[in-house]
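Participant: Handing you this structure, nothing more for now.
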Amino acid sequence: MATSATYTDKPMTSRGKPKATTAGKSVTGKVGKTYSEIFAASPQARIAMIRDGVPAIEAKRLVQALGVEQKVLYQALGLKTATVNRKITQSEQLASDESERLLGVARLIGQVEAIIAESGEPEDFDAPEWLSRWLREPLPALGGTLPMALLDTMEGQSMVSEALARIQTGAYA
C-alpha cells in the first residue's frame, strides 16, 4: 500500500542517512489513501475499497513498506504468490477476500501511525518498520503467538488491532 519512500528533503540520522517516515505515503491505484486514512475511514468506505478490489501491485508495495520477504507476508495473509504475481503482471485487482486482508494490514500501519501521532512524537517514526518487527515477535497477550500468524483472518487482525490498542493505553500487551 505505500509507495516506496523517496528520501529527498528528509531529516538525516546521526550517520548521515535520511530518516524514513510514513506520514503522507499513499496507497496508489484505485484506493488512493494513506495508511492513516485507511485506519480512520468509515467501515462503509473500507467495504467499498474491498469490493472495488485493491490493485495487486499494492501487495508488492506492502511487502516493500514492511521490509519482509514477499513469501513471508503473502503466506501470513493467505495469498498465493503465483496468483498475486500473475495479477500484478496483468494489472488486475485482488479478489475481495484478498483485498480485505491486505487493507487490514494497511489499517494496522495506520493504527500505529495514529498512536504515534497522539503521543506527540510522529516525526521520523517508521510505522511499517516498527509494525513489521512487532508482528514477528511472540506476544504474551496472544498466548505467545506471533501477531503475524493471525493476519490471514479478519478475526485475527482484530485481535492484533486490540493488542496494539492495549499498548497505546499502557495495558498488558
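Participant: Every residue in the stretch 112-152 that is loosely packed, with under 15 Cβ neighbours inside 10 Å and without any contact (Cβ under 8 Å) to a residue 24 or more places away in the chain, please.
Facilitator: Result: SER119, GLY120, GLU121, ARG133, GLU137, PRO138, GLY143, GLY144.
Participant: Residue by residue through the stretch 48-64, note down the ones that are open to solvent by 10 Å² or more (accessible area, probe 1.4 Å) and either part of a helix (DSSP H, G or I) or free of Cβ contacts under 8 Å to residues at least 12 places away in the same chain (or both).
Facilitator: Result: ALA48, MET49, ILE50, ARG51, ASP52, ILE57, LYS60, ARG61, VAL63, GLN64.
Participant: Give SER99, SER119, SER91 a once-over and let me know the one that is under 16 Å from ASP152 (Cα atoms) and hydroxyl-bearing (Ser, Thr, Tyr).
Facilitator: Testing whether each residue is under 16 Å from ASP152 (Cα atoms) and hydroxyl-bearing (Ser, Thr, Tyr) leaves just SER99.
Participant: Ok, one more. Is it the case, given these coordinates, that ALA114 is more than 20 Å from ILE38 (Cα to Cα) and part of a helix (DSSP H, G or I)?
Facilitator: In short, no.
Participant: If we scan the stretch 123-144, do we find a residue that is of a type in the set (Asp, Glu), at pLDDT below 95, more than 28 Å from THR81 (Cα to Cα) and not in a helix (DSSP H, G or I)?
Facilitator: Yes; the residues of the stretch 123-144 include at least one that is of a type in the set (Asp, Glu), at pLDDT below 95, more than 28 Å from THR81 (Cα to Cα) and not in a helix (DSSP H, G or I).
Participant: Which condition breaks for GLU162 when tested against (1) over 17 Å from ALA76 (Cβ atoms); (2) without any contact (Cβ under 8 Å) to a residue 12 or more places away in the chain; (3) not in a helix (DSSP H, G or I)?
Facilitator: Of (1) over 17 Å from ALA76 (Cβ atoms); (2) without any contact (Cβ under 8 Å) to a residue 12 or more places away in the chain; (3) not in a helix (DSSP H, G or I), only one is false for GLU162: (3).
Participant: Here's something else I'd like to know. In the stretch 77-111, how many are open to solvent by 30 Å² or more (accessible area, probe 1.4 Å), touching a residue at least 60 places away in the same chain (Cβ under 8 Å) and part of a helix (DSSP H, G or I)?
Facilitator: 1
The values are calculated or read from the model by the stated rules, or taken from the named source; none is laboratory data. Predicted, not measured: the structure shown is a model, and the values here were computed from it. Note that we place each Cβ from the backbone using ideal geometry, even for glycine, and neighbour counts take in every protein chain shown. Surface areas here come from the heavy atoms of the whole protein model, side chains and all, with no ligands, DNA or RNA. Shrake-Rupley method; radii C 1.70, N 1.55, O 1.52, S 1.80 Å.
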